[in-house]
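Report on the following structure.
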Amino acid sequence: MPSRVRYAEKSPVVVVSGAPGRKDREKDPLLHHKVKTFETQRRIYDEVTVASTVLLDEQRAASEIVRCVEACLRHKRPVYIEVPHDIVDREIPITGIPSAAPEKSDPHTLDAALGETLSLIRAAKKPVILAGVELARYRTARLVVRMAEQMNIPIAADLLSKSAIPENHCLYLGVYGGAMSSDEHVRKYVESADIVLMLGTFITDMSMGFYTARLDRGRTVLATSERVSVQYHCYDSIQFRDFLEALATARIKPKHFSHPNSHTLPKPLKKAEQSDALTMVDVFRILSLHLDERGCVIADIGDSIFGAVGIRSARQAQFIAPAYYMSMGFAVPASIGVAMAAKTLRPYVLVGDGAFQMTGVEISTAVRLGLNPIIIVLNNDGYGTMRRIREGCFNTITQWDYSKICELVRDGEGTIACTKGEFDAALSRAQKSNRVHLIELKIPRNDVSDQLERIAIEVRKMRGSRR
Ligand SMILES: Cc1ncc(C[n+]2csc(CCOP(=O)(O)OP(=O)(O)O)c2C)c(N)n1
Ligand SMILES: [Mg+2]
């Protein structure tokens, strides 16, 4: 049963791969691009997809495509369709294709899970919602906001779900993730709540701040697209959306709530500090001052993602990061995806010098497609995150002149910023233009965000205790 298997991430991607033709297969020749057997490629993909097919039979091709795409949409996970080259221009019959019946909740199970959850909420003096990434993936965030407003329950997000809930909402607390929380107020609030409603949350080592989160099962309700768990009871056969809709329409007397930290907006940049050297803390503060609802921050792995936990702007911007699998080199290519998918959004890429060296040349594709990402390269002279955990020559990388890449790809504008004022001015300039902008920030070698500082202490402690 594919949905039970724990995959890293949930990406509804349809991989369409060309393949040797049906005729080519008859005598089993050695062919270029064939790894081992004609089946090998599909079998490798079977490990990371929820459905796969090789379209060898014209009569069944259409129903196979429908089966895979339906699985992709239902499970929000990748599928693989292999197309032998001699089927590409064939006409295939498309009538009488069976379609999967919509999945329904079992009404008794739904009632039982809901009844147990509501009685916990009724009894709670200090409930909190931990809004998870599935609220964005299944487009159900508005149900949770409605529920929070009706019951007057505050909401925190985690690193993976940052921005799934409007961060300028009066019930929003910030990002929770144990030691990686955006601030101590959020951490204390969530950890002292008598019930934590984890709605659409993936519990991962990273989003739970490397095992520093304190959320025991006895005071949590965890509802995801896979199951609902209320304290120690697990309920299957419940559709995530049905459970959220029922919660959003339930009648509960509004709770008493006073915001522990309502003054989280970044402090404006003063004239007197313009010529100060840039620090990581100020990078996120200055960026926050420039963000609005037309922006989408895309954070790569490194202090880009840890520091981004603290981004909070008066006007809600989107946020995307590979905060589960944590794959370096994600952000520049992802900005192309964001700009193509949502033409009205301006991507703000936060990428370390190390991660930029992996995939930064994709800036060339952005230029070719006429896209306009603002790429902020945080140049701290190597693998700053790893240096915090274990110092060594393996954290050293070649120094590049990052701002010159625009000359190389013959479009866009490159700038270097060493001070707070220079970064602020570079951002304003980039925002006024519709071209690719690359801003290289010179960050002192050992300067890190508060979140990375806290996490590095925990990781060092863990390593020490394992020895
Ligand atoms: C593909 C991949 N390789 C290696 C790592 C391990 N790793 C995590 S952070 C990091 C250093 C990142 O360096 P940089 O992009 O310069 O960001 P900084 O830590 O300096 O902010 C490394 C090597 C990873 N997460 N993903
Ligand atoms: Mg670096």
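Tally up the carbon and sulfur contribution to the accessible surface of the chain as a whole percent, 1.4 Å probe, everything protein left in place.
That fraction is 54 percent.
Per-residue counts of other Cβ atoms within 10 Å, averaged by peptide: what ranking do you get for 404-412, 137-145, highest first?
Answer by packing, highest mean first, reads 137-145, 404-412.
Of His33, Cys234, Ile195, whose Cα points farthest to the positive end of the dipole of the chain (charges on the beta-carbon: +1 Lys, Arg; -1 Asp, Glu; origin at the Cα centre)?
Of the options given, the answer is Ile195.
Convert each backbone phi in region 261-269 into a coupling constant with the Karplus relation 6.51 cos²θ - 1.76 cosθ + 1.60 (shift: θ = phi - 60°), then list the ³J(HN,Hα) values in order as whole Hz, x for Gly and Pro.
7, 8, 10, 9, 5, x, 6, x, 7
Expected output is a single nm value to one decimal: the length gained when fully extending between Ser428 and Glu184, i.e. 0.36 nm times separation in residues minus the C-alpha distance. What is it?
84.7 nm
Please report the Cα spread of region 393-453 along all three principal axes, rounded to whole Å, starting with the longest.
On the principal axes, region 393-453 reaches 36, 25, 17 Å in Cα extent.
One-quarter of the Cα convex hull surface for region 17-88, in nm²?
4.8 nm²
Mind listing the phi-derived Karplus ³J(HN,Hα) values for region 443-456, rounded to whole Hz, using 6.51, -1.76 and 1.60 with θ = phi - 60°, and x for any glycine or proline?
10, x, 3, 9, 8, 9, 6, 4, 5, 5, 4, 5, 5, 4
Ordering Glu64, Glu149 by how much accessible area each has at a 1.4 Å probe, largest first, what is the list?
Ranked list, largest accessible area first: Glu149, Glu64.
For region 224-293, state which trypsin sites (Lys or Arg not before Pro) are in a DSSP loop and have at most 10 other beta carbons lying within 10 Å of their beta carbon.
Answer by residue number: Arg251, Lys270.
Of Lys188/Lys255; Lys162/Lys343; Lys126/Lys162; Lys34/Lys162; Lys188/Lys420, which pairs sit farther than 30 Å apart, going by alpha carbon to alpha carbon?
With Cα atoms farther than 30 Å apart: Lys34/Lys162; Lys188/Lys420.
May I ask you to order 315-322, 25-32 by the average number of other C-beta atoms within 10 Å around their residues, highest value first?
315-322, 25-32
Enumerate the amide H contacts of Thr220 below 5 Å, restricted to partners 5 or more residues apart or on another chain; note that Pro and chain-start residues carry no placed amide H.
Amide H to amide H, under 5 Å and 5 or more residues apart or across chains, Thr220 pairs with Val196, Gln231.
Using per-residue counts of other Cβ atoms within 10 Å, averaged over each peptide, order 68-74, 274-280 from highest down.
68-74, 274-280
Cut-off under 17 Å on the C-alpha distance; same-chain residues fewer than 8 positions from Lys404 excluded. Which lysines are left, in chain and number order?
Lys442
How big is D for the chain, in µm² s⁻¹ as a whole number, if Stokes-Einstein is applied with the Kirkwood radius of its Cα pairs at 4 °C and 1.567 mPa s?
This corresponds to a translational diffusion coefficient of 53 µm²/s.
With θ set to phi - 60° and the Karplus curve 6.51 cos²θ - 1.76 cosθ + 1.60, what are the ³J(HN,Hα) couplings of region 182-189 in order, to the nearest whole Hz, using x for Gly and Pro?
5, 7, 5, 4, 5, 4, 5, 4
Using C-alpha positions alone, give me the convex hull volume of region 268-422 per residue in cubic angstrom.
118 Å³
Could you pull out every one of the aspartates and glutamates with an alpha carbon less than 13 Å from that of Lys10, ignoring same-chain neighbours closer than 8 positions?
Leaving aside aspartates and glutamates fewer than 8 places away in the same chain, those within reach of Lys10 are Glu134, Glu226.
Near the amide H of Tyr172, under 5 Å away, which other amide H atoms are found, from residues 5 or more places off or on another chain, if H is placed in the peptide plane?
Ile155
The values are calculated or read from the model by the stated rules, or taken from the named source; none is laboratory data. All values derive from a computational prediction rather than experimental measurement. No Cβ is skipped: glycine too gets one built from the backbone with ideal geometry, and neighbour counts run over all protein chains shown. All accessible areas refer to the heavy atoms of the entire protein, side chains included, with ligands and DNA or RNA removed. Shrake-Rupley method; radii C 1.70, N 1.55, O 1.52, S 1.80 Å.
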